[in-house]
Amino acid sequence: MIDFSFRRRKPRMSRADTDKSLLDYLFRESRAMLSIIDRDGRYVTVNPVFCSYLKVKEEEITGRHLSDLWGKETFKNIIAAKLQTCFSGQTVRYQADFNIGSSEEKYFEVTFYPLKNQSGEIVNVLAESLDITELKLSLREATRKEEDIKRLEMTVPVGLLRCKPDGTIVHFNDNFIKLIECDNPDHLEGVSLRDFYSDKSLFDIHLMQMRQGEIITFSRVPLVTLSNREIKCRINGYAVTDYDNPDIQWFDFAFEDVSREVMLENRLLQAKKLETIGSLAGGIAHDFNNLLGSILGFTEMLGDELKDNKSAYDITGKILKAGTRAKELTNQLLTFSRQVEQKKVPVRVSDILGEALSVVSSLIKTGMTVRERIESSEVTVSADPTQLFRVFLNLMTNAVQAMEKTGGTLTVTLDIAGGQVFRNETGKDNSSDRYALVRIEDTGIGMDDAVISRIFEPYFTTKELGKGTGLGLSVVYGIVTDLEGELAVKSVKGKGSVFSVFIPAIAEVPGEPFTNTTDSVRIMFISGDSHESRILSGALKQSGYTVQNVTGKDEFLNIENERLANINIIIYACEEGVISQPDFYAKFIDGNLKIPVIFIAGSQCDISGEKLLNSGIAKHVLFKPVSLREIITAIQLI
Amino acid sequence: MDVIMIVEDDISMREMLTEALTRRKYKVIVAENGREALLKFKSSLTSLVITDILMPDEDGLKVIMKLKEMNPDLKIIAISGGGKAGPGNYLSLAKALGANEIFTKPFPLKALIDKTEELLRSEQSG
């Protein structure tokens, strides 16, 4: 055992020379401040490092009490207890900061070692103070940097993620959790980043590219969130290696959701495309109408020439009919290109929506349900009621057709939306601060992005051949944009679609809401049994009228006049398959009937509305397409 | 014999209307654009004008205004097949500017002729 007993001043050399030389060696060579302290708490000896730190000479220190150097308080509060512990046989280590000489603060790791004499008695304490200022400062700097990084991770609007070389996620920030719509971060444990890629093979390609060692940017990568929604991300990726190990340790990623950017860009592109198609279609329709006008005009003249030749005359009739159908078509194209004037009046959206709903309810089959939520029944817009009706009817009919095979729920809602909602959903600047927002939602077959991007183009249809003209939605688009409104579509293949119609709201018009006095009004609806007439007659029934349908050429002629006495109003739809006008009038005049007639003129009718009114039979003439509102107004006026 | 002026830039439409009105024994003057119409109108005894709305060189709306300035009692029928440029249909504007009747192309020829005859009759009686 080494005898470390020291005495103050000239200690008696009662220990082995080797011990002495070892301690001397230590005192000479160590970079730590060394001192030997006796049981009284006085310095027995100190090394040169100690002296140079405190800028004193050894003889100035030896024999002085620790409290002289470090202050009474510090000695009492910190040092004394530790010294005592050491004298009881334990090595004591602690950290301390001192002000030495100048104001410069230094950090030390102080260790008290008990020193024993040959008989094993603790006689002194060896105090070693190691300057750890640099270590302490760099640690503090490292902690600060770490905190900075953490704060940065939290504040950057970017999802950050680190994964193992096989893709297993090891670290991520809050924004990544938000980005992938994760409600519990624990769910990400052991999950691979590959799982979030829509196209898994793309992930492997990305990792391969990142192995090149540079930061690589991947734009518009489709990812699928935990709520199964596809988003587009801009991804920066970097392969991380260790200092002297070329193997890749991690892959670091930064994700930025650019779905909205992509959506807005697509919308803009779509709008531009529709505008181009619109002016093209409008131009064609205009020129076509001129040609059609001359074809139909000459055919009429030819018909006059051929009056005595019945079979030839009939042919001119067929040409006229075909021409009239061509006219309907150009009219739809012109509506799409916003070149048909809408007669705008203040309209309460809920009224028109209600009409369209009652018409559509006749199309609802088993397995389908209709939900209606009218939040703002007073919201008023400036629009052509017939055209607005057409918009809603078209969208609702499409919704119902989308659910034909699967069944589902048609949800129709009416709200008021501000400019922000408008901008968010349409990607366009708002021209108004207040919009009537109608959403027509189905849970039907849905559409993919390729279809959505084209649905408003004329002649684009996904319906079976012969089932749709492909003009319906393009006409809807034309009508809505002409009202300075917008349409927004959201759809998920296999899940359903939502069409949102925004129309600038105007001040509400006070007055009685639109009501029907339907009690005990009996209507005879004479038609060619066209789809439109069936819908209209169904809607009248829904509205509470008693409706008797008369179809075919002879049915009306065969009805006894007594039966007609019951009828309050006759609606005559001039269309294919209906009893001819001359026959219809003949029965009226022969039977001396006094029932008021509402005449619905289709494009096949070449008799002007005025003439019918003058003849005294028709009280009202309505032109197709006729909305329920129009016809009810006509009924109420009688 | 009444003189009718047809102002129409589309040749097929122009020919058809000329044919139809000539058959009804009217004297027909044609103009391919508004400028020509105004020039020809001054030296004629036109009692009714049928004019297209959208035409190069003085559109139909200006023609209507200027003709009405020259002869406030002149009967005018405006016809249009929808605008090539810009939204809206100018027919109701034409009516506001003084056109007696408006027709959207294509229209039943008989309706146009009936209206023409009616307007000319009312001119004679009034």
State the number of residues belonging to the stretch B:1-41 that are more than 14 Å from every other protein chain (Cβ to nearest Cβ) and not in a loop (DSSP other than H, G, I, E, B). 14
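Is it the case that the stretch A:109-116 has a residue that's surrounded by 13 or more Cβ atoms within 10 Å (Cβ to Cβ), within 26 Å of A:Asp204 (Cα to Cα) and touching a residue at least 40 places away in the same chain (Cβ under 8 Å)? Walk me through how you get there before you give the answer.
In the first step, residues of the stretch A:109-116 are kept if they are surrounded by 13 or more Cβ atoms within 10 Å (Cβ to Cβ); the result is A:109-116.
Pick out the ones that are also within 26 Å of A:Asp204 (Cα to Cα) and you get none.
No, the stretch A:109-116 has no match at all.
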Subset of the stretch A:184-216 [in contact (Cβ under 8 Å) with a residue 40 or more places away in the chain and under 26 Å from the mean Cα position of the chain (by Cα)]: A:Leu193
Kindly establish whether A:Gly472 is at pLDDT below 90, buried (at least 20 other Cβ atoms within 10 Å of the Cβ) and among the small types (Gly, Ala, Ser). yes
Residues of the stretch A:237-263 being aromatic (Phe, Trp, Tyr) and either in contact (Cβ under 8 Å) with a residue 12 or more places away in the chain or within 24 Å of A:Glu181 (Cα to Cα) (or both), which ones? A:Tyr238, A:Trp250, A:Phe251, A:Phe253, A:Phe255
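Residue-by-condition table, conditions (1) more than 21 Å from A:Thr633 (Cα to Cα); (2) in a strand (DSSP E or B); (3) in contact (Cβ under 8 Å) with a residue 24 or more places away in the chain:
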| residue | (1), (2), (3) |
| --- | --- |
| A:Arg338 | yes, no, yes |
| A:Pro346 | no, yes, yes |
| A:Leu357 | no, no, yes |
| A:Arg373 | yes, yes, yes |
| A:Ser376 | yes, no, yes |
| A:Val381 | no, yes, yes |
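For the stretch A:339-354, name all the residues that are surrounded by fewer than 16 Cβ atoms within 10 Å (Cβ to Cβ) and either more than 12 Å from chain B (Cβ to nearest Cβ) or modelled with pLDDT of 80 or more (or both).
Across the stretch A:339-354, the qualifying residues are A:Val345, A:Pro346.
Here's the yes/no breakdown for (1) modelled with pLDDT of 80 or more; (2) closer than 21 Å to B:Val30 by Cβ; (3) within 14 Å of chain A (Cβ to nearest Cβ); (4) not in a strand (DSSP E or B):
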position	(1), (2), (3), (4)
B:Leu48	yes, yes, no, no
B:Leu67	yes, yes, no, yes
B:Ile79	yes, yes, yes, no
B:Gly88	no, no, yes, yes
B:Gly98	yes, no, no, yes
The correct count of residues that are in contact with a strand residue (DSSP E or B) (Cβ under 9 Å, 6 or more places away or on another chain) and under 15 Å from A:Met403 (Cβ atoms) in the stretch A:350-379 is 8
Those residues that are at pLDDT 65 or above and touching a Leu at 6+ places or on another chain (Cβ under 9 Å), I need them from the stretch A:594-616; list them, please. A:Ile595, A:Val597, A:Ile598, A:Phe599, A:Ile600, A:Ala601
Of everything in the stretch A:217-229, what is in contact (Cβ under 8 Å) with a residue 40 or more places away in the chain and in a strand (DSSP E or B)? Give them in sequence order. A:Arg220, A:Leu223
When you go through A:Glu128, A:Glu153, A:Glu60 one by one, which is the residue that is surrounded by 15 or more Cβ atoms within 10 Å (Cβ to Cβ) and more than 60 Å from the chain's Cα centre (by Cα)? A:Glu128
Residue that is surrounded by 16 or more Cβ atoms within 10 Å (Cβ to Cβ) and either closer than 30 Å to B:Asp10 by Cα or away from every other protein chain (no Cβ under 14 Å) (or both), where the choices are A:Leu269, A:Leu202, A:Leu291, A:Leu280: A:Leu291
Name every residue in the stretch A:294-314 that is more than 8 Å from chain B (Cβ to nearest Cβ), in contact with a Leu (Cβ under 8 Å, 6 or more places away or on another chain), without any contact (Cβ under 8 Å) to a residue 12 or more places away in the chain and not aromatic (Phe, Trp, Tyr), in order of residue number. A:Ala312
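Okay, residues lined up against (1) crowded, with 16+ Cβ neighbours inside 10 Å; (2) in contact with a Ser or Thr (Cβ under 8 Å, 6 or more places away or on another chain):
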position	(1), (2)
A:Asp308	no, no
A:Tyr313	no, no
A:Thr324	yes, yes
A:Lys327	yes, yes
A:Ser337	yes, yes
A:Val360	yes, yes
A:Ser376	yes, yes
A:Leu395	yes, no
A:Ala402	yes, yes
If you go through the stretch A:230-276, how many residues are touching a Ser or Thr at 6+ places or on another chain (Cβ under 9 Å), at pLDDT 85 or above and outside any strand (DSSP E or B)? 1
For A:Lys55, all conditions in the list (1) surrounded by fewer than 17 Cβ atoms within 10 Å (Cβ to Cβ); (2) charged (D, E, K, R); (3) touching a residue at least 24 places away in the same chain (Cβ under 8 Å); (4) within 17 Å of A:Gly41 (Cβ to Cβ) hold save one; what is the number of the exception? (4)
Can you confirm whether A:Phe172 is in the same structural domain as A:Met33 (by TED's automatic domain parsing), modelled with pLDDT of 90 or more and surrounded by 12 or more Cβ atoms within 10 Å (Cβ to Cβ)? no
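The values are calculated or read from the model by the stated rules, or taken from the named source; none is laboratory data. Quick caveat: nothing in here was measured; it's all calculated off a predicted structure. Note that we place each Cβ from the backbone using ideal geometry, even for glycine, and neighbour counts take in every protein chain shown.
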